[in-house]
1. Search the range 1-28 for residues that are under 30 Å from E186 (Cα atoms) and pair each with any residue that is surrounded by fewer than 17 Cβ atoms within 10 Å (Cβ to Cβ) and of a type in the set (D, E, K, R) when their beta-carbon atoms are under 7 Å apart and the residues are at least 6 apart or on different chains.
2. Assess whether L219 counts as being in contact with a Pro (Cβ under 7 Å, 6 or more places away or on another chain), of a type outside the set (D, E, K, R) and either in a helix (DSSP H, G or I) or over 23 Å from T43 (Cα atoms) (or both).
3. Output the residues belonging to the range 20-57 that are of a type in the set (V, I, T), out of contact with any Asp or Glu (no Cβ under 8 Å at 6 or more places or on another chain) and surrounded by fewer than 21 Cβ atoms within 10 Å (Cβ to Cβ).
4. Looking at the structure I just gave you, is R103 outside any helix (DSSP H, G or I) and either surrounded by fewer than 12 Cβ atoms within 10 Å (Cβ to Cβ) or in the same structural domain as V42 (by TED's automatic domain parsing) (or both)?
5. Just to verify a result, which residue in the range 184-216, among those that are in contact with a Lys or Arg (Cβ under 9 Å, 6 or more places away or on another chain) and in a loop (DSSP other than H, G, I, E, B), is farthest from V36 (Cα to Cα)?
6. Starting from the range 64-84, take each residue that is under 24 Å from R45 (Cβ atoms) and aromatic (F, W, Y) and list its partners that are at pLDDT 95 or above and assigned to a helix (DSSP H, G or I), counting only C-beta distances under 8 angstrom and pairs at least six apart or across chains.
Amino acid sequence: MPRPDAAVEAQIAAFTHDVQAALGDRLLSLALYGSVAGDDWVTNRSDVNVAVVVPRVTPDVLEALVPVVARWRGKRFALPLVVDREYLESARDAFPMELDDIRRQHRVLAGADPFAALVVEPAALKRQCEHEARGKLLRLRALFLDAAGRPPALEQLMVESLKTFLVVLRHLVRLRGADDAHGYREVLAAGARLLGPLPVMQRLLDHRTGAARLSAAALRAEFGAYLAEVERIVAALDALDA
C-alpha cells in the first residue's frame, strides 16, 4: 500500500522540529492525518495534513507558526489545523465527519493524543453527510455546465471531486454498520457491496493514482454515469431515515 517515502518522512521530521521550536511547551500535540497517515498517499499529488493542538489558540500562537508555515507551504505541506482541546470537544456536532476521520486515521508526531478519545454522534454525522453530499452534488452539476466543452477541465472536475464523494461514502458505510472501511479502495469495495457496482468511481480512483487513464473521447458519457453513482449515494443517505 502506498506510503510516504524516506524523503517525505525526513521532511515530516524536520517540520516537527520546526513546530516544536516555534511553540515550545505550548505544543500539546502534533499529528498527521489524512492520506499521509494512511494508505491513500499518492506521490507528488497528496498533501501532508497536520493538526496542531495547543492549550488555547491565541494571536501569539498563530504568529509563532507563521514562519514555519511559510517555510513548508511550497513542499506540499497543507495549512495546519490549529485547535485547542475546548474546540475539539465543542466541534464534534458541527464537524463530525472531519473529526471522526482524524480519530480513525492519524499519527502522533509529538505530545499527547487528544484524538483517540473523540466520540461523534451518529445523528450529527448523518446531518453533515447529507449536507455535504447534497451541496457537492449541486456544485458538481453546475461545474459540469462550464467544463463540458473542455475535456481537460471535465477530467479535472471528475478526478478532483472524487475524494469528496468517497469521504461521504465512507461515512455512509459506517452509518450502515460497516465500520472497518477507511482507505479509498476499501470504501469503494464496501460501497459497492452496499449500493451495487460503482465502476466510474473505480476508474477515477485508478486514474488519480496513475494506475489507468481516462478516455478523453468518452468523458461526457463517463460524467453521466459518474453523476448517477453520486446520486445513488445521496439516495442511500435519504434512505437512512426510512
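The values are calculated or read from the model by the stated rules, or taken from the named source; none is laboratory data. None of these values were measured; they are calculated from a predicted model. As a convention, Cβ positions derive from the backbone with ideal geometry for all residues, glycine included, and neighbour counts pool all protein chains shown.
1. From residues that are under 30 Å from E186 (Cα atoms), the pairs are M1/D39; P2/D39; Q11/K75.
2. Working: in contact with a Pro (Cβ under 7 Å, 6 or more places away or on another chain): yes; of a type outside the set (D, E, K, R): yes; either in a helix (DSSP H, G or I) or over 23 Å from T43 (Cα atoms) (or both): yes.
Considered against the rule, which asks whether it is in contact with a Pro (Cβ under 7 Å, 6 or more places away or on another chain), of a type outside the set (D, E, K, R) and either in a helix (DSSP H, G or I) or over 23 Å from T43 (Cα atoms) (or both), L219 comes out as yes.
3. Residues of the range 20-57 of a type in the set (V, I, T): 36, 42-43, 48, 50, 52-54, 57.
Filter again for out of contact with any Asp or Glu (no Cβ under 8 Å at 6 or more places or on another chain), leaving 42, 48, 50, 52.
Within the range 20-57, just V42 meets the criteria.
4. Details: outside any helix (DSSP H, G or I): no; either surrounded by fewer than 12 Cβ atoms within 10 Å (Cβ to Cβ) or in the same structural domain as V42 (by TED's automatic domain parsing) (or both): yes.
Judged against the criteria, R103 is not a match.
5. Initial filter on the range 184-216 (in contact with a Lys or Arg (Cβ under 9 Å, 6 or more places away or on another chain)): 184, 186-187, 190-191, 194-196, 198, 202, 205-210, 212, 214.
Still in the list and also in a loop (DSSP other than H, G, I, E, B): 196, 198, 209-210, 212, 214.
Working: G196: 29, L198: 25, T209: 14, G210: 17, A212: 22, L214: 25 Å.
Among them, the one singled out is G196.
6. W72/Q11; W72/F15; W72/D18; F77/Q11; F77/F15; F77/V69
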